[in-house]
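Trainee: Take this structure first; my questions come after.
The values are calculated or read from the model by the stated rules, or taken from the named source; none is laboratory data. Please read these numbers as outputs of a predicted model, since none were measured by experiment. Cβ atoms come from the backbone with ideal geometry, glycine included; neighbour counts cover every protein chain shown.
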Amino acid sequence: MEALIIVDMQRDFMPGGALPVPDGDKIIPTIEELIEKFKKKGALIVATRDWHPPNHISFKEQGGPWPKHCVQNTEGAEIVVKLPQNAIIISKADKPDKEAYSGFEGTNLAGILKEKDVKKVYICGVATEYCVKATALDALKHGFDVYIIRDAVKGIKPEDEEKALKELEENGAKIISSAEL
């Protein structure tokens, strides 16, 4: 079984949001095409999201590095891609005192994937050098075959994004394009 993991495609990470990834919205059509392809194959579709309480440790007001973003039940936390009804939504960083970049950190994602007998995960979303990278590295640690869909991820700085992709490849992830699927 395969899974498509869509990382943090939320309003606050899109241009105009509280913590925008430059051109993050440009990958929405590619991700929505991937959702359709994976749906047809009967694959599992998972979307991770930051789901911060208003007093989250990562916020500047709490001494963290980031502006307030993806606060639970706000417009900024909304997922901006059209998900199928049966998509699994994984909420992370939902406790005030715990940061989580990876979709596996503090969640039951690994258990869900193993229970569904998933062997390969295909990862897309934002931001490449933060949550995409952390999710992919954790997927590798959990023993999954990991594929990063290059034209369906966006980073904040091109040089940091390239470094992150190189690190992922060195750790065993395969970098592919959506056309290869």
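Trainee: Suppose we filter 170, 159 for residues that are closer than 21 Å to residue 15 by Cα, at pLDDT 95 or above and loosely packed, with under 15 Cβ neighbours inside 10 Å; which single one remains?
Mentor: None of the other options fit; the residue is 159.
Trainee: Can you tell me which of (1) touching a helix residue (DSSP H, G or I) at 6+ places or on another chain (Cβ under 9 Å); (2) over 15 Å from residue 27 (Cβ atoms) is the one residue 166 doesn't meet?
Mentor: Unmet condition: (1).
Trainee: Which number in (1) assigned to a strand (DSSP E or B); (2) surrounded by 17 or more Cβ atoms within 10 Å (Cβ to Cβ); (3) not acidic (Asp, Glu) marks the one condition that residue 100 misses?
Mentor: Only one criterion in (1) assigned to a strand (DSSP E or B); (2) surrounded by 17 or more Cβ atoms within 10 Å (Cβ to Cβ); (3) not acidic (Asp, Glu) is unmet by residue 100, namely (1).
Trainee: Continuing with this model, one more query. Please state which of the following conditions residue 65 fails to meet, knowing it meets all the rest: (1) over 22 Å from residue 102 (Cβ atoms); (2) of a type outside the set (Asp, Glu); (3) out of contact with any helix residue (DSSP H, G or I) (no Cβ under 9 Å at 6 or more places or on another chain).
Mentor: Status for residue 65: all satisfied but (1).
Trainee: Any residue in segment 156-174 that is closer than 19 Å to residue 35 by Cα and in contact (Cβ under 8 Å) with a residue 12 or more places away in the chain?
Mentor: No - not one qualifying residue is present in segment 156-174.
Yes or no, residue by residue, for (1) within 13 Å of residue 95 (Cβ to Cβ); (2) at pLDDT 95 or above; (3) outside any loop (DSSP other than H, G, I, E, B):
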site	(1), (2), (3)
29	no, yes, yes
34	no, yes, yes
38	no, yes, yes
47	no, yes, yes
57	yes, yes, no
69	no, yes, no
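Trainee: What are the residues in segment 116-137 that are surrounded by 20 or more Cβ atoms within 10 Å (Cβ to Cβ) and over 24 Å from residue 70 (Cβ atoms), if any?
Mentor: 118
Trainee: Out of 31, 27, 35, 5, which single residue is surrounded by 17 or more Cβ atoms within 10 Å (Cβ to Cβ) and either touching a Ser or Thr at 6+ places or on another chain (Cβ under 7 Å) or without any contact (Cβ under 8 Å) to a residue 40 or more places away in the chain (or both)?
Mentor: Going through 31, 27, 35, 5 in turn, just one is surrounded by 17 or more Cβ atoms within 10 Å (Cβ to Cβ) and either touching a Ser or Thr at 6+ places or on another chain (Cβ under 7 Å) or without any contact (Cβ under 8 Å) to a residue 40 or more places away in the chain (or both): 5.
Trainee: Being within 19 Å of residue 2 (Cβ to Cβ) and part of a loop (DSSP other than H, G, I, E, B), is that true of even one residue in segment 147-157?
Mentor: Filtering segment 147-157 for residues within 19 Å of residue 2 (Cβ to Cβ) gives 147-153.
Those still in the list that are part of a loop (DSSP other than H, G, I, E, B) too: none.
No; the residues of segment 147-157 include none that is within 19 Å of residue 2 (Cβ to Cβ) and part of a loop (DSSP other than H, G, I, E, B).
Trainee: Residue 76 - would you say it is of a type in the set (Gly, Ala, Ser) and either part of a loop (DSSP other than H, G, I, E, B) or surrounded by fewer than 18 Cβ atoms within 10 Å (Cβ to Cβ) (or both)? Spell out how you get there, then give the answer.
Mentor: On the way: of a type in the set (Gly, Ala, Ser): yes; either part of a loop (DSSP other than H, G, I, E, B) or surrounded by fewer than 18 Cβ atoms within 10 Å (Cβ to Cβ) (or both): no.
No.
Trainee: Confirm whether residue 42 is closer than 24 Å to residue 156 by Cβ, small (Gly, Ala, Ser) and modelled with pLDDT of 95 or more. Before the answer, list the steps.
Mentor: Numbers: closer than 24 Å to residue 156 by Cβ: no; small (Gly, Ala, Ser): yes; modelled with pLDDT of 95 or more: yes.
No.
Trainee: Can you go through 140, 113, 181 and tell me which one is more than 24 Å from residue 70 (Cα to Cα), free of Cβ contacts under 8 Å to residues at least 60 places away in the same chain, surrounded by 14 or more Cβ atoms within 10 Å (Cβ to Cβ) and not hydroxyl-bearing (Ser, Thr, Tyr)? Please lay out each step first, then the result.
Mentor: Working: 113 fails: free of Cβ contacts under 8 Å to residues at least 60 places away in the same chain; 181 fails: free of Cβ contacts under 8 Å to residues at least 60 places away in the same chain.
Of the residues listed, the single one that is more than 24 Å from residue 70 (Cα to Cα), free of Cβ contacts under 8 Å to residues at least 60 places away in the same chain, surrounded by 14 or more Cβ atoms within 10 Å (Cβ to Cβ) and not hydroxyl-bearing (Ser, Thr, Tyr) is 140.
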